[in-house]
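Shown next, in structure tokens, is the structure this report addresses.
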Amino acid sequence: MKRFFITQSGVLRFRIRIAITFLMVGLLVAGGVAASLYLNSRAQLINQIQKRALLAAKQAALQQNGDLHSILVNPNDQDGVVYNTIKNRNAAILATDPDINAIYTMRRDENGNIYFVVEVVREDLVDIRGPARLGEFDTSPGPVLASEIGTIQEAVVEQDFYKDSRAGDSLSAYSPFYRSDGTLEGIVGVDISSDAISTTQAKIRQIALLAFLVVSVVMIALGLILGEATMRPLEAMTRNAEKIITGDFSQKAQSAVGDEIGELANSFNKMSEQLQSLISGLEARVDERTRELTLRSQELESIIVQEERRASQLQAIAQVSAIINTVQKMDELLPRVTRVVSDQFDYYHVGIFLLSDDGRSAVLGAANSEGGQKMLARNHRLRVGGAGIVGYTTATGLARVALDVGDDAYFFDNPDLPNTRSEMAVPLRLGKKIIGALDVQSEKAGAFSQADAELLSVLADQISVAIENARRFEETQKSLSEAQDVYRQYLKTQWREFASTENRIGYKYRLTKTETLTTPQETPEILAAQQSGNVQITRDETARMAVPIKLRGEVIGMLGLQSQNDREWTEDEMDIIRAVAERVAIAAENARLVTETQRKAAKEETIGQISAKISASVNMRNILQTTAEELGRALPGSEVVIQLRAQDNQTQ
């Protein structure tokens, strides 16, 4: 009995050891499988969320207007129109993805502190955390934001979820945005809550826990049942278990049917099948979730492509506007506009039509294409309201698009532009007045969208203003030129009269003596300077210089200099001489005006005195006598005769 008891105890201990061994193997297998599934699945989910966050941040950055954003500088701006405009735009982006908790813009001050400018949060989080106010510091920025805020040049994302004092557990992405002049304005941040993966992670943990429990129970049962089996099948199953740990669930335990090892093998195989089924189901769910995330990522990428194209077009419009606003002459403005629009928007042909003076024809004023140059050479024009898209647009003032010129009834087939497949014309207008049309043509069918029509309409308005400015500039230049010609002629006449009344022609200074000139100096350099209006220098035995004294471009005198030897005048000396000549012209004109004013004042005074004496006379004889006497005094040496003529032509 004692020996049997010991034997039974040994068997029991062996079975217990086998059970413990199977339990540990089961725990190892279950733990390894659960950990592997959990970590891999979580890594895939985080990777997908990182991509979503990056795409959302890029899209939000493209939507920011850096010039408007730069206006927000103090907390009082939070109640303004600019703040609400940016806030509403970001709220629209936030609404496109329910997993995004918040979108915000940030800057860094001179002390390195990161502060919020505009933030919008999901509606169900407003009461919990509320949006940050303008100027509020971010006290717990993410690791990437804290370390790279000063060097971010493209979109970046946090490596994992982090604890934020305001937003809780979230994963954030950031993207810079700029002003129109290329200056960095700030950073756009997008927060995606950990709730985006919490449900999937919970399911993964449940499956892993279930697998862990199943394996543990099965392994304990197998250990008790197979206590008396041989070690060889156990070793084989151990090897199979090790392979299962590595992910190979195709392994099957082989044993004789009916014994304990066989039952253990069957149970082991069932466990493997159940684990394989559970893992397959989990992988299917992960794949489905991955497909959903991929589809959403593709949609976001499509939106970003569209927004990037629109941003590129807006940037092109800004560049076109900057270029055309620097040109003021019409003959330079129109050709440059057609070239710039063609280059920026990649159009086959760009033409600008302007209405004729009678408003009946649209005349081609400029074109960029080879065919357009041929049309310009023959003074190409279209009848307003006639055949063709340009005729329709100039008559109605409405934009017209032909996505396929073969199907459009308004399209006019032009042999000079044989490659045209689609065409659009937008009116050029000033207020309600149509002044022409902007005609763009493409070699692609369906090349124009509604967005293109809106953008080109904006561009057409700017071109219209530039054309009007150029016209006014030319008219102003013409008027200014005419006024200058009249004024120069006036100056020439006045100075000719003034010179005729002056006894002195000029003055000469030699060494320490000043002499009055009684005859004009007509040296070769003076005559050449009078003729050309430029400084003339002659060198032979001496060096002589003639500097015109010019007033408003009109030569009113000459300044001559002569040295005692053949010297070279320095640049500083030349500057001094020119400055003196300019000041002499101004002083002489002022003196002439003073003299003329004094002469007019004296004349008016004489007239006033004569009028006063005449008014003091009480009869006709005294009036006529006083008039004759006063005119005689005012005009010495003159004979004054006053007579009245009666109606019968008899002198009284």
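For R381, the conditions (1) touching a strand residue (DSSP E or B) at 6+ places or on another chain (Cβ under 8 Å); (2) open to solvent by less than 90 Å² (accessible area, probe 1.4 Å); (3) at pLDDT 85 or above are fulfilled apart from (2).
Does L459 satisfy the criteria of being under 22 Å from N325 (Cβ atoms) and part of a helix (DSSP H, G or I)? Taking the combined requirement at face value, the residue satisfies it.
If the condition is being basic (K, R), buried (at least 17 other Cβ atoms within 10 Å of the Cβ) and closer than 20 Å to I149 by Cβ, then the stretch 85-121 contributes only R107.
The rows are residues; the columns are (1) in contact with a helix residue (DSSP H, G or I) (Cβ under 6 Å, 6 or more places away or on another chain); (2) more than 20 Å from Q59 (Cβ to Cβ).
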site: P98; (1), (2): no, no
site: I103; (1), (2): yes, no
site: M106; (1), (2): no, no
site: N111; (1), (2): no, yes
site: V120; (1), (2): yes, no
site: A132; (1), (2): no, yes
site: T139; (1), (2): no, yes
site: E148; (1), (2): no, yes
site: A155; (1), (2): yes, no
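Of the strands (runs of 3 or more DSSP E) that lie entirely inside the stretch 515-611, those containing 1 or more residues that are open to solvent by less than 50 Å² (accessible area, probe 1.4 Å), farther than 30 Å from E629 by Cα and in contact (Cβ under 8 Å) with a residue 60 or more places away in the chain span 543-551, 554-562. Screening A453, A529, A447, A499 for residues that are in contact with a strand residue (DSSP E or B) (Cβ under 9 Å, 6 or more places away or on another chain), among the hydrophobic types (A, V, I, L, M, F, W, C), at pLDDT 75 or above and within 16 Å of I556 (Cβ to Cβ) leaves exactly one candidate, A529.
Looking only at the stretch 315-341, residues that are open to solvent by 90 Å² or more (accessible area, probe 1.4 Å), assigned to a helix (DSSP H, G or I) and either at pLDDT below 80 or of a type in the set (S, T, N, Q) (or both) come to 1 in all. Cβ separations smaller than 8 Å between residues 6+ apart or across chains give the following pairs from the stretch 429-447 residues that are in contact (Cβ under 8 Å) with a residue 40 or more places away in the chain and assigned to a loop (DSSP other than H, G, I, E, B) to residues that are among the basic types (K, R) and surrounded by fewer than 20 Cβ atoms within 10 Å (Cβ to Cβ): E443/R421; A445/R421; A447/R421. In the stretch 284-293, of all residues being surrounded by 14 or more Cβ atoms within 10 Å (Cβ to Cβ) and of a type outside the set (K, R), the one that is nearest to N65 (Cα to Cα) corresponds to L293. Q48 is checked against (1) over 26 Å from the mean Cα position of the chain (by Cα); (2) not in a helix (DSSP H, G or I) and fails just one. What number does that condition carry? Here Q48 clears every test but (2). Could you please give the count of residues in the stretch 39-75 that are farther than 19 Å from D99 by Cα and open to solvent by less than 30 Å² (accessible area, probe 1.4 Å)? Adding up the residues that qualify gives 4.
Given the criteria within 21 Å of G150 (Cα to Cα) and either in contact with a Leu (Cβ under 8 Å, 6 or more places away or on another chain) or not in a loop (DSSP other than H, G, I, E, B) (or both), does V82 qualify? It is false that V82 is within 21 Å of G150 (Cα to Cα) and either in contact with a Leu (Cβ under 8 Å, 6 or more places away or on another chain) or not in a loop (DSSP other than H, G, I, E, B) (or both). Among the residues making up the stretch 387-396, a single one is open to solvent by less than 10 Å² (accessible area, probe 1.4 Å) and assigned to a loop (DSSP other than H, G, I, E, B): G388.
The values are calculated or read from the model by the stated rules, or taken from the named source; none is laboratory data. Small disclaimer: the values here were computed from a predicted structure and weren't measured. Note that we place each Cβ from the backbone using ideal geometry, even for glycine, and neighbour counts take in every protein chain shown. For accessibility, only protein heavy atoms count, side chains too; no ligands or nucleic acids. Shrake-Rupley method; radii C 1.70, N 1.55, O 1.52, S 1.80 Å.
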